[in-house]
1. Please report, in debye to the nearest 20, how large the charge dipole of segment A:88-229 is about its Cα centre when each Lys and Arg carries +1 at its beta carbon and each Asp and Glu carries -1 there.
2. Going Cα to Cα from A:K161, which lysines come in below 21 Å? Please leave out same-chain ones fewer than 8 positions away.
3. Could you work out how far apart the two model spin labels at B:L187 and A:L116 are, taking each label as a point 7 Å from the Cα in the direction of the beta carbon, and quote it in nm?
4. What average count of beta carbons from other chains do you get within 10 Å of the Cβ of residues in A:96-106?
5. Using amide H atoms built in the peptide plane, which far-off residues or other-chain residues are under 5 Å from A:I48 H to H?
6. Might you report the magnitude of the Cβ-based charge dipole of the protein assembly as shown about its Cα centre, with Lys and Arg at +1 and Asp and Glu at -1, to the nearest 20 debye?
7. Provide the per-residue ³J(HN,Hα) series for segment B:163-168, in order, calculated from phi with Karplus coefficients 6.51, -1.76, 1.60 and θ = phi - 60°, each as a whole number of Hz, with x at glycine and proline positions.
8. What does the average come to when, for each residue of peptide A:165-178, you count the partner chain Cβ atoms lying within 10 Å of its Cβ?
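We did not get these values from a lab; they are worked out from the coordinates using the rules stated. Bear in mind the structure is a predicted one, so any value in this text is a computation, not a measurement. When we count neighbours, we look across all protein chains shown, and the Cβ atoms used for this are built from the backbone with ideal geometry, even at glycine.
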Amino acid sequence: MTRVLLIEDDPAVRRGVTLGLRRNGHETEAVATGEDGMESLAPFAPDIVLLDLMLPGMSGLETCRRIRETSQVPIVILSARGDDVDVVVGLEAGADDYIVKPASGEVIEARMRAVLRRVAPTQSSPGSDGPLLYGDLEIDGTAVRVCKHGRELVLAPSEVKLLLFLSAAPGQTFSRRQLLEAVWEHSYYGDARLVDACVKRLRAKIEDDHGNPRYVQTVRGFGYRFGPL
Amino acid sequence: MSRRLVRRGLRTRLVVAFVLVSAFSALAVAALTFRQARTAILDRARDTTVHHLRTQVGSLAPDLPAAPAEADLRALALQLDRAGVSRDWRTAVAYRGGAPIFAAGRAPVLPGRLREAASTARTALVQRFHHAGVPWLAVALPVTRADRPAQPSGLVVYASFSLADQERDVATLVAAARAGVLPVVLLSVVPALLAARRVLRPVRRLRSAAENMAAGALGTRIRVTGDDELADLGRTFNTMAAALQADAAALRAMEARARRFAADVSHELRTPLAAMTAVTGVLHQDAVSGRLDPEAAEALELVAGETNKLVRMVEDLMEISRFDAGAAVLDLDEIDVGELVGKTLTVRHWQDRVGADVPPGLRARLDPRRVDVVLANLIGNALRHAGESVPVDVRARAEDDHLVITVADGGPGIPEDVLPHVFDRFTKGDAARTRSEGSGLGLAIAAENARLHGGALTAANAPGGGAVFTLTLPRNPP
């Protein structure tokens, strides 16, 4: 059972999604505004937040940023348009994934599960025999923990998953398509902006010099790789 | 510029006409002046000569005896010659039809016709003639006695002299006229060019304005100065441009409204659809649970299924609206084409029904999602229309700097009358299947996606039967 906080202003959509979620056995709290969502965050302690971007009052983007200030709870954006720039901004603000409305209960369920798997410790991780040290970074795949200079970094689920995946094969280049499939569990031709936005966020947290990244490097025309350090 | 010079343009024609007119008038003026001056010169020479001769004869003839002998006549000729030294004439005197007698060694040149005419004449006769290439003037003066002027005395005095001096004066006149005409004609080129420029400037302005309009700048207007016919033309042009611009704007506004309406409608439909789609899963679960009345279960299934169709249609409408609004964006990524085609097939579980032939290592820069949409549309169409057991093949090749992907099926092909319209919106290949799976926008969207890449999508029937769709994409779009 998963605790889902749904922030969606349209009453019909709110009821429909809630119905679908409850039917799938999730405990759901549905609110109509970003402000109400922020209030429910602490008492309800959701495992995942479904966030509509078009909200009256505090916008979805602002809500996303506020949530990220205090919590690393997985956030999935609900958007009316896939090509909306707000989606990119939302992803860069810390959202883990997005769903384009109208979406069936199955799609929402699948996307939620994929995002939640990123938080769960990976059993078959190559780093299961303890934390590995790369430069100033200490990556613990078992505990899903990343430290820099010994201090634990606050990373969103997608960021951790991406870093774990890349660092498991240092120096190997992965295309954005491969990362989409492996980290986001999207189809091959999913939205590569997910990867780019997440890399951007990750670099902001782990790199010393964003313009000249050391850990997550870009291989032009191919994709990304970890190192070589 | 050189091209323009040799072209028989308005400028050339204007200049030529101007120069011709000025040359003609200069020549006419020169010719008239020349004629007048020449006549005046020659007339004066004649008149003074006749006058002088008459004076001399008047003073010398009375001394002649009534029936002069040849010696008398010769003496008179000699005296006359001396008197005419300044004119350098040569004289001869004839009496009663006799041969003209002249001073020794000073035979005058006399045309025969003059002598014939002189024998019966009562007044002075003058004839101009050419002798040895030089113009001469000959005068025949019948002498009358002062006391009997009505009766000729039979004495005729001849005088002739060269008009070379006068001819020289005339030649000088001709040279002067010629010297005047040429500079005038040459100088007339300058005002001609200026005039042509003045006339042609508005024409040029008009032309460049028309070119701008043709290029789509409907806001083009020309500055109209003056009040002549060209200014009127300019004003008419401006009126036409304004009308055209207004019409185009109205048309665009109408089209934009129509497209906005389609976009707005589909957008508005999405919110209720989002609520409905979220519960179709619930409906489906209940319908198949067996806990419901069969009719209610069937109704639920119908609602769930049709809701999903409606969602697909609205999504396609939204997509085409984005193309219409120019809001569709390419998200380019360099990918392996074989991998892309493979994923398109496996995700839809088509890998066993569709053959794929892509050379390994073929890479291209494209928007994988959009190309997947195109391929899925083409292959889905082929599978639907060609039937279960018919082979469908996807083949990709690099041709120069293009990536060419063909989707061919062994089905009945596309009817010839449908072929030109396959990419039109809401065209369906088979009228009997109007309520098939597609929204009727699938191929239109596929074609738009190809265009967005700077490529093209074409449909044809293979010589051996079956439909062939060819997607051509630049390997490195801008």
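1. Details: 19 positive and 18 negative charges, 49 e Å.
That gives a dipole near 240 debye.
2. Partners found: A:K148, A:K200, A:K205.
3. Here the modelled spin labels are 10.5 nm apart.
4. Details: counts 0, 0, 0, 0, 4, 8, 17, 4, 12, 9, 4.
Across A:96-106, the average partner-chain Cβ count within 10 Å equals 5.
5. A:R3, A:L5
6. Numbers: 87 positive and 85 negative charges, 1346 e Å.
About 6460 debye.
7. Karplus values, whole Hz, x for Gly and Pro: 9, 4, 4, 4, 4, 5.
8. Values: counts 0, 0, 0, 0, 0, 0, 0, 0, 0, 0, 5, 4, 7, 1.
Partner-chain Cβ atoms within 10 Å, mean over residues of A:165-178: 1.
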